[in-house]
Amino acid sequence: MSDEDVERMGGVSDNDPDPPVVDSETDQPSDHFHLTFIIFFLAGIGTLLPWNVFITERGYFDEKLRVDPYPGYIVNQFESVFGMTFMTANVIGLVLLVNKDSLSKVPRACRVPIPLFCMGALCCVTAAMTTQQNISGNTITAITLLTLLALGGLTALVQGGSFHDASKLPPKYINALMWGQAVAGVISAAAALASSGVQGEQDFSAGEESEYLGTARNTANNSTGGSSMDTTDNTHSTILTQARVYFTAAGCVLFVCFAATSFLNRTEFFKSYCKRETEESKEEEDIDGDNGDSSNLDSLADTETICVPLLPERNGSDLDLESSLSGDTQRENKKERFETYCYRFSVFATFAVTLSVFPAVTSSICARGNVNTNLPCSANNKNRFLGDLWTPSLFLLFNLFDLFGRCAASYFPKKAPKGVTVMTCAISRILIVPFLLACNVVTAPCVDWAFPRIFRNSNFTPIASIALLAFTNGHLGSISMMWGPSTVSLIKKRASEGTLLTLFLTGGLGVGSAFSYALVAALQR
């Protein structure tokens, strides 16, 4: 049988003993119905959905945490405490997983699917807590903080595990994770806006001024009188019902994500890359074994044989050639390491710049002509978008443009950009910060904003600046996460690099959040 006949039958010719190495998507089994892509997209949604749900249910926690007795030093700044609790557990978890590549030793089911199931269960438990009456603020605070600690650790597993798996595949599968995380933010922001809209309508119908996310609802609890008490009871019941539905829906979505990610190992597309990773590991072991055998053989040679030259003496040109090849290899390795470091710093800088002003500054920006000089932005029943709905609308605007930026990363660039270019763009985003600081930033009572509010009378400037900040955050963040693992060659090392990039991403979030508190404190006087 000829080689052409063998090739037509799909076999391998005897004259071609080494089949082609799988290096491109065309050589892999196709991702039928984009099933693997959808699974990673759902994993991305599940990664940050619980955190987004907890930080957007401010009205519910305002109600439940202030039931006597309660820890005032925590409740009065519970959002900051929630953030620090979750972030601490998340960062510590990622550090432990990255250390000595510990994540690769964890079974895949324990990396992504099971943590997602546990996160869904915690959301359902929180939903059940909304039905419980006569629970003190101390108890609710303790339960919530323990829940956030568990969610932070579980999120570290899902983050690290999902990026670890996606980094084995082409870059678009990493972007599927980034898409999913952005969609989770859009869902939570849209839910917060809808909740604010419904609650505001109820407050207006009762003849009261609406305040953003119910920050003054606890004052109404102390009111007396028939109609006022009925209104307060209805408001309280509405908040608890909305929270119950919100947490339950989040739990159901997380259970769907659990089921989808459990199916990943059964897809032929993903299994083909795992098989290739195994083959590469075996090749490395064989090379190490060969090196060990040759050293043992050398040690067995007797001294007389060693004195006899086994190879002809090399001349100067041979030595120069060998030295040149060695130098080229070293330069290539240094170049790869430099590219890797650039991508790591890029994703760190991208999210650090974003979190330095979002949401610490953006949530304090009110529309032009806002009557209130203190937070929250005053209600405006003629144009609620410029009143109490202004801040939640900006949150939704940010999340939408962040999603658009991540989608754009799938189309541009088509090839891996230079790490220096991405790093330069990430750092240059600092130029957006002064524009946001110069908007109509409203502070707490008896506190003035030190930065010159040049754009105080402009609604376009905050909208444009937040949209630009969000789009570049999504685009540069996705580019860094997509192409960063491609700077290393072996699949196993790419998977480890994906996990390490996740740690730098989380580090950027943490550093940016810490800097935002320092920045706002410095500009308030």
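The values are calculated or read from the model by the stated rules, or taken from the named source; none is laboratory data. If you're wondering where the values come from, they're calculated on a predicted model, not measured in any experiment. Cβ sites come from the backbone with ideal geometry, for glycine too, and all protein chains shown count toward neighbours. Remember, those area values only see protein heavy atoms, side chains included, never the ligands or the DNA or RNA. Shrake-Rupley method; radii C 1.70, N 1.55, O 1.52, S 1.80 Å.
Some observations on this one:
- Other residues with beta-carbon under 13 Å from the beta-carbon of Ala127 carry, at +1 per Lys or Arg and -1 per Asp or Glu, a net charge of +1.
- Shown for the range 28-144: the carbon plus sulfur share of the solvent-accessible area, taken with all protein chains present and a 1.4 angstrom probe, equals 66%.
- Value of Rg to Rh for the range 380-461 (Rh from inverse mean 1/r over Cα pairs, i.e. Kirkwood): 1.09
- Distance between the 7 Å Cα→Cβ label points at Asn265 and Thr88: 3.5 nm.
- Residue-wise HN-Hα couplings along the range 489-502, as the Karplus relation 6.51 cos²θ - 1.76 cosθ + 1.60 with θ = phi - 60° gives them from phi, are 8, 6, 4, 4, 6, 5, 4, 5, 5, x, 5, 5, 4, 4 Hz; Gly and Pro carry x.
- Alpha-carbon radius of gyration plus Dmax, which is the widest Cα pair, for the range 34-106 in Å: 17.2, 53
- Peptides 423-430, 56-63, 90-97 ranked from most to least packed give 56-63, 90-97, 423-430, packing being the mean of other C-beta atoms within 10 angstrom over each peptide's residues.
- Table column - 3J(HN,Hα) (Hz), the range 151-159, Karplus curve with 6.51, -1.76, 1.60, x for Gly and Pro: 5, x, x, 5, 5, 4, 4, 5, 4
- Accessible surface area normalised per residue over the range 64-160 is 44 Å², counting heavy atoms of protein chains with a 1.4 Å rolling probe.
- Potential lengthening between Lys415 and Thr131 on full extension [0.36 nm per residue; Cα-Cα distance subtracted]: 97.0 nm
- Each peptide in 257-265, 72-80 was scored by the mean count of other Cβ atoms within 10 Å over its residues; highest first, the order is 257-265, 72-80.
- 23 Å Cα-Cα threshold exceeded, pairs from Lys105/Lys415; Lys100/Lys414; Lys282/Lys334; Lys335/Lys493; Lys275/Lys493: Lys105/Lys415; Lys100/Lys414; Lys282/Lys334
- For Thr443, nonlocal amide neighbours, meaning residues 5 or more places apart or on other chains whose placed amide H falls under 5 Å from its own, are Leu375.
- Residue-level accessible surface for Phe255, protein heavy atoms, 1.4 Å, Å²: 70 Å²
- Annotation: amide H of Ala416 has no partner in the under-5 Å range at sequence separation 5 or more or interchain, hydrogens built in the peptide plane.
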